[in-house]
Amino acid sequence: MLTLRIGGRDVSAACLGTAEFGGNYDEAFAFRQMDLFRDYGGNFIDTAHVYNDWHPGEKSRSEKLIGRWLERAGRREDFFLSTKGGHPPLTDMSHSRISRREIAADLEESLSFLRTSYVDLYFLHRDCTDVPVGEIVDWMNEWIREGRIRHWGCSNWTLARIRSANEYARHHDLEGIACNQAMWSYAVFRTESLADKTLVPADSLSLQYHAQTALPLMAFTAQARGYLARLASGEPVPPDVQAVYGCSENTRRLHTLQKMQKETGLSISQLCLLYFLSLPFPAFPIVSFHSRDQLADSLELYNHKGALMPFASRLFSPSL
């Protein structure tokens, strides 16, 4: 599988998303997804301490399920594992949990649930601008020195805070943010229609920063919840997806993809992923699918190895 660099390591250019593992996806289905991802050469798996806590019952089911799979698979070092902590309580998203004590507790539980002694990339799931960014950088480097995490990143942080964190790290000879995880896709979105107002999607300015600094980006909702593929196939679009992605610009972009489809023979879903390889910095789409066939269709894209990157740049103009 095609690889890109992150944290000084070559990892699969697609990252397996696991937000529904243990919830809408039971253990048997999730294990099959991870088996297939591994068999295609994938080694980058992303989860979070809070994943599936929106379902009643047991907490942190995604991490626990992945931990069982990793133990069965063996060779923990073959996989690049990321998880996230510091998410607000789901009952009160305005209540910040960005404190040393709460993040340390999340990290300790994540390591236990994942059945590992370290996480390759640990994200802070939200930010709190009331906390000096230098304090946060210091906390993360403490856990790096202890060997609990190897690198750290941020999710749903503003560009200003990312810049400040990396400037502080540089001035104090510490490790700064190794990766940013944000909402992003080839399809544009209507920020005002997002139900979760704590999300900080990538925008043109943040993408410019990534291009200038080569800071890796991990994109969640990388296929816009299937919006463009649904439109192309005539499949009904759920109202909440339509509210976020329904606009004339996405109709235009779908027409562009359909022209590319005729030229390349690739599916709409594959082309949505190919877009990330056209970006001038390491960009990892987080992929998750409802069926084995959907996952296999997308992973087949990455078997073309390095020839894909100049091909992607030719198809997707910089203006897109």
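Report, to the nearest 10°, how far helix 292-301 tilts away from the longest principal axis of the Cα atoms in the chain, using its own Cα long axis and a range of 0 to 90°. Roughly 80 degrees between the two axes. The trypsin sites (Lys or Arg not before Pro) of segment 251-320 include none that meets both conditions, a loop assignment by DSSP and at most 14 other Cβ atoms within 10 Å of the site Cβ.
Remark on S60: its backbone amide H falls under 5 Å from those of D53, a criterion applied only to residues 5 or more positions apart or on other chains, H modelled at 1.01 Å from N.
Taking amide H as placed 1.01 Å from N in the peptide plane, the amide H of V119 sits under 5 Å from that of I149, R150, each at least 5 places away or on another chain. Read through the labelled values [x] 53, 41, 39; [y] 75, 71, 40; [z] 90, 46, 31 and report the label of the one computed as Cα extents along the principal axes in Å from the structure. Computed from the coordinates, Cα extents along the principal axes in Å corresponds to [x].
Could you grab the relative contact order for the chain? Cα pairs under 8 Å, six or more apart, rounded to a whole percent. That works out to 17 percent. Principal-axis analysis of the Cα atoms of the chain puts helix 204-213 at an angle of about 70° to the longest axis. Within the listed set S112, S278, S288, the Gaussian network model of the chain (springs between alpha-carbon atoms below 10 Å) gives the highest mean-square fluctuation for S112. Where only DSSP H runs of four or more residues are counted, the chain gives -12500 deg cm²/dmol as its mean residue ellipticity at 222 nm, each run worth -39500 (n - 2.57).
Couplings 3J(HN,Hα) for segment 159-169, derived from phi with the Karplus relation 6.51 cos²θ - 1.76 cosθ + 1.60 (θ = phi - 60°), are 4, 4, 6, 4, 4, 5, 4, 6, 5, 4, 4 Hz, where x marks Gly and Pro. Between T264 and L36, the simple label model (points 7 Å from Cα in the Cβ direction) yields a spacing of 2.1 nm.
Under 16 Å from a label point set 7 Å out along the Cα-to-Cβ vector of S94, the amide N atoms of segment 116-138 belong to 129-130.
Comparing mean-square fluctuations of R68, R97, R170 from a GNM of the chain with C-alpha springs under 10 Å, the top value falls on R170.
Expressed in Å, the radius of gyration and Dmax of the Cα atoms of segment 34-146 are 14.8, 45. Non-local lysine pairs in the chain, meaning eight or more places apart or on different chains, with alpha-carbon distances under 22 Å, amount to 4. The GluC sites (Glu not before Pro) found in segment 105-191 that occupy coil by DSSP, while having at most 10 further C-beta atoms within 10 Å, are E146.
None of the figures in this text is laboratory data; all of them are computed from the coordinates on show. In this text, all values refer to a predicted model and were calculated from it rather than measured experimentally. Here the Cβ is made from the backbone with ideal geometry for all residues, glycine too, and neighbour counts use every protein chain on show.
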